[in-house]
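Participant: Mind having a look at this structure? Questions to follow.
The values are calculated or read from the model by the stated rules, or taken from the named source; none is laboratory data. Source: prediction; values computed, not measured. A quick note on method: Cβ atoms are made from the backbone with ideal geometry, for glycine too, and the neighbour counts reach across all protein chains shown.
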Amino acid sequence: MLKKVLVGNGYTAIDHHQIKFLPQALIEIDTSGVIDRVLAPTAPDYQAAYQAAQQAHLLEKVPADQVIFPGFVDLHVHAPQWPQAGLALDKPLAAWLNDYTFPLEAKYQDLDFARQVYHELVHELLAQGTTTVLFFGTIHPEANLVLGEESLHQGLRTLIGRVAMDNPDQPPVYYRDPSSQAAIVATETFIHQLNDLGKGNPLAPIPVITPRFVPSCTDETLAGLGSLARKYDLPVQSHVSESNWEHQYAIDRFGIHDAAVLDHFGLLTSRTVLAHATQLTPEDQALLRQRQTAIAHCPISNAYFGNGVLPVNDLLAAKNRVGLGTDISGGYSPSLYDNLRHAVALSQVRNDGISRDDEGIANARISMVAAFYLATVGGAEALNLPVGRIQAGKIADLQVVKDRFKRPTETAQERFERILYQTHRSEIMQVYTQGDRVYQA
C-alpha cells in the first residue's frame, strides 16, 4: 500500500564522485514511510503508476522550478548551545567553553528554558533541510528527554546523548557529574527513559553513549561508558583530536593519542561517530578505519577551533567513513548547506596553501558532489541508518528545494552544483521524514 507518490526532478549521490539525476522521477512511498519504487519516465509501467496515483489522490507534483534531494544528516550538534550560535567565536577554545558554553549548558536544569530552546532548534533544523541529527545533550536527563519529545512532536529523526563529564580537573564544579558512578548511573537511566519515550514510533530517538571528550572524563567513566555501549549495543559519540590542545592533552595524560585512548576503553566501534579529527595522524586514521568508526567533518567549526583542515579527500580515498556536521555552536550556522560550501572552500585552502611560502597539499580539493555525499550518504552510513538516498528500500526522508533562477542552457550537473551553492533557508519549500511532510515554507 502506498501513502504518497512524488513526481519531480531529483538528485541523489551514488558515491563521493558521482550523483544521479532523476528527471521527472515517480517516487512511490509506502505506508511505512519507505520508498517502494523510483520510476523513470522510460519505465514500462511509469504511465500506469502515475495514473493510479492520480486516481487515488496520492500524487504530489513538484514544480519544474523545484528539485528533490535526500534530507540532510547532521552528525554533530550540541543542542543546548543553540542560543550561543554566533557568539564568542573570536575567543580561544578554553575561554569559549568556560566563559560561555558551560554556563549556558548549566541552565538546562530549568525545563521551561529547555522547552523554549529545543522547540526553536528542532524547527530550525527541519527548515534547513535536515532530517536526521546526532545530538549532544547536557548532563540533565530531564532536559534531554524534552529534546526527544520535541523532536518526536515535530518529526525530526534523532540520536541523543546524555553528556558524561566527571573529571574534577576540567569541567567546572557547577556543571559536571559528581562522580564516575553518578555519571554511569545517570547515563544508564537515561538510556531506559529515552527508549520508553519513543517506543513503537518509527522516529523513536536512539540513545547514544556520550563522553564529552577524553579530557572531561576520568578513566573509570570512560571504562564504564564503554561497558554500557557493549551491554546495550548503542552508538557512541565524542570528539577526537579536535585541536592541538586536546590532542596534546591525551598524550600528556595517557602517553597515547585520544583515538587510542577511546579504543582502549571500548569506545571505538562501527557505531561510533567522532567529531573534528583535524589532528589525527595516519596511524590514528588507520585505527578508525579498522574499527569502522566514522568522522563528523565540521568545516565551519574547524575554521575557528580545529587548528587545521580535515584531509577529507585522503580519508575518503582510504575508505574512512566521513559525514558532515554543523557543530552548533562551534559552528555558527544550523545549515548543512553552509557547511558543505565551507567544506569545499577549506579543501581548496588546504590544497593551495595559506601564504606565498605555503605550497599547500596536492590533491586536497573536494568537489561539491563529494560534499553533498557527506551530507547525505556519508552521514547515513556513519549512523547505520537506511536514509540519505532517493532509492527503493530507503526511508523517505526528503527535502524539496526551489531554484530561484532559470538557466535554460545549463546541464543537470551544472544545475545541481549551482543550487547547492545558492540554496538558503528561504528556498527550502518542503521537508519529509518517514514519508510525512513535517515542514512547509
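Participant: Any residue in the range 17-37 that is within 16 Å of residue 47 (Cα to Cα) sitting within a Cβ distance under 9 Å of a residue that is among the basic types (Lys, Arg)? List the pairs, counting only those 6 or more apart or interchain.
Facilitator: Note: pairs meeting the criteria are 26/37; 27/4; 27/37; 28/4; 28/37.
Matching residues to (1) outside any helix (DSSP H, G or I); (2) farther than 17 Å from residue 135 by Cα:
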position	(1), (2)
181	no, yes
184	no, yes
190	no, no
193	no, no
200	yes, yes
203	yes, no
209	yes, no
221	no, yes
224	no, yes
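Participant: Return the residue satisfying two criteria in turn: it lies in the range 349-366 and is touching a residue at least 24 places away in the same chain (Cβ under 8 Å) and either outside any loop (DSSP other than H, G, I, E, B) or not small (Gly, Ala, Ser) (or both), and of such residues it is nearest to residue 424 (Cα to Cα).
Facilitator: Step one: filter the range 349-366 for residues touching a residue at least 24 places away in the same chain (Cβ under 8 Å), giving 349-350, 361, 363-366.
The next check asks that each one be either outside any loop (DSSP other than H, G, I, E, B) or not small (Gly, Ala, Ser) (or both); those that pass are 349-350, 361, 363, 365-366.
Details: 349: 24, 350: 26, 361: 31, 363: 29, 365: 24, 366: 21 Å.
Here the answer is 366.
Participant: I would also like to ask the following. Out of (1) closer than 30 Å to residue 389 by Cβ; (2) within 19 Å of the chain's Cα centre (by Cα), the odd one out for residue 153 is which?
Facilitator: Condition (2) is where residue 153 drops out.
Participant: Separate question: Out of all the residues in the range 1-23, which are assigned to a strand (DSSP E or B) and out of contact with any helix residue (DSSP H, G or I) (no Cβ under 9 Å at 6 or more places or on another chain)?
Facilitator: Start the filter on the range 1-23 by keeping residues that are assigned to a strand (DSSP E or B), which leaves 2-13, 19-23.
Within the range 1-23, 3, 6, 8, 10, 20, 22 meet the criteria.
Participant: Answer yes or no as to whether residue 322 is outside any loop (DSSP other than H, G, I, E, B) and either among the β-branched types (Val, Ile, Thr) or at pLDDT below 95 (or both).
Facilitator: Values: outside any loop (DSSP other than H, G, I, E, B): yes; either among the β-branched types (Val, Ile, Thr) or at pLDDT below 95 (or both): yes.
Yes, satisfied.
Participant: Quick one: which residue in 387, 377, 369, 400 is closer than 19 Å to residue 337 by Cα, among the hydrophobic types (A, V, I, L, M, F, W, C) and assigned to a strand (DSSP E or B)? It would help to see each step written out before you state the result.
Facilitator: Working: 387 fails: assigned to a strand (DSSP E or B); 377 fails: assigned to a strand (DSSP E or B); 369 fails: assigned to a strand (DSSP E or B).
Of 387, 377, 369, 400, the one residue that is closer than 19 Å to residue 337 by Cα, among the hydrophobic types (A, V, I, L, M, F, W, C) and assigned to a strand (DSSP E or B) is 400.
Participant: So, residue 325, is that one among the small types (Gly, Ala, Ser) and closer than 28 Å to residue 97 by Cα or not?
Facilitator: On the way: among the small types (Gly, Ala, Ser): yes; closer than 28 Å to residue 97 by Cα: yes.
Considered against the rule, which asks whether it is among the small types (Gly, Ala, Ser) and closer than 28 Å to residue 97 by Cα, residue 325 comes out as yes.
Participant: For the range 417-437, how many residues meet the condition of being surrounded by fewer than 21 Cβ atoms within 10 Å (Cβ to Cβ) and touching a strand residue (DSSP E or B) at 6+ places or on another chain (Cβ under 7 Å)?
Facilitator: 5
Participant: Follow-up. Name the pairs: first residue in the range 284-300 and without any contact (Cβ under 8 Å) to a residue 60 or more places away in the chain, second residue of a type in the set (S, T, N, Q) and in a strand (DSSP E or B), Cβ to Cβ under 8 Å, at least 6 apart or on different chains?
Facilitator: Between residues of the range 284-300 that are without any contact (Cβ under 8 Å) to a residue 60 or more places away in the chain and residues that are of a type in the set (S, T, N, Q) and in a strand (DSSP E or B), the close pairs are 291/272; 293/272.
Participant: Polar (S, T, N, Q) and within 26 Å of residue 90 (Cβ to Cβ): is that true of residue 279 in this structure? Give the derivation first.
Facilitator: Numbers: polar (S, T, N, Q): yes; within 26 Å of residue 90 (Cβ to Cβ): yes.
Taking the combined requirement at face value, the residue satisfies it.
Participant: Looking at the range 239-250 only, could you name the residues that are at pLDDT 95 or above and out of contact with any helix residue (DSSP H, G or I) (no Cβ under 6 Å at 6 or more places or on another chain)?
Facilitator: Of the residues in the range 239-250, the ones at pLDDT 95 or above are 239-240.
Once the filter is applied, which keeps residues that are at pLDDT 95 or above and out of contact with any helix residue (DSSP H, G or I) (no Cβ under 6 Å at 6 or more places or on another chain), the range 239-250 yields only 239.
Participant: Further question: Quick one: is residue 346 assigned by TED's automatic domain parsing to the domain that holds residue 120, within 18 Å of residue 156 (Cα to Cα) and touching a residue at least 40 places away in the same chain (Cβ under 8 Å)? Give the steps one after another, and end with the answer.
Facilitator: Working: assigned by TED's automatic domain parsing to the domain that holds residue 120: yes; within 18 Å of residue 156 (Cα to Cα): no; touching a residue at least 40 places away in the same chain (Cβ under 8 Å): yes.
So residue 346 does not fit the description; no.
Participant: Please specify each residue of the range 239-291 satisfying the condition of being part of a helix (DSSP H, G or I), more than 24 Å from residue 379 (Cβ to Cβ) and hydrophobic (A, V, I, L, M, F, W, C).
Facilitator: The answer is 245, 250, 251, 254, 260, 261.
Participant: Oh, and also: Hey, could you check the range 377-397 for residues that are charged (D, E, K, R) and surrounded by fewer than 24 Cβ atoms within 10 Å (Cβ to Cβ) and say which is nearest to residue 130 (Cα to Cα)?
Facilitator: Per the criteria, the residue is 389.
Participant: Would you please name the residue that is nearest to residue 134 (Cα to Cα), looking only at residues in the range 320-336 that are among the hydroxyl-bearing types (Ser, Thr, Tyr) and more than 12 Å from the chain's Cα centre (by Cα)? Walk me through it before giving the result.
Facilitator: Start the filter on the range 320-336 by keeping residues that are among the hydroxyl-bearing types (Ser, Thr, Tyr), which leaves 326, 329, 332-333, 335.
With the extra rule that they be more than 12 Å from the chain's Cα centre (by Cα), the set shrinks to 329, 332-333.
Details: 329: 14, 332: 17, 333: 16 Å.
Selected residue: 329.
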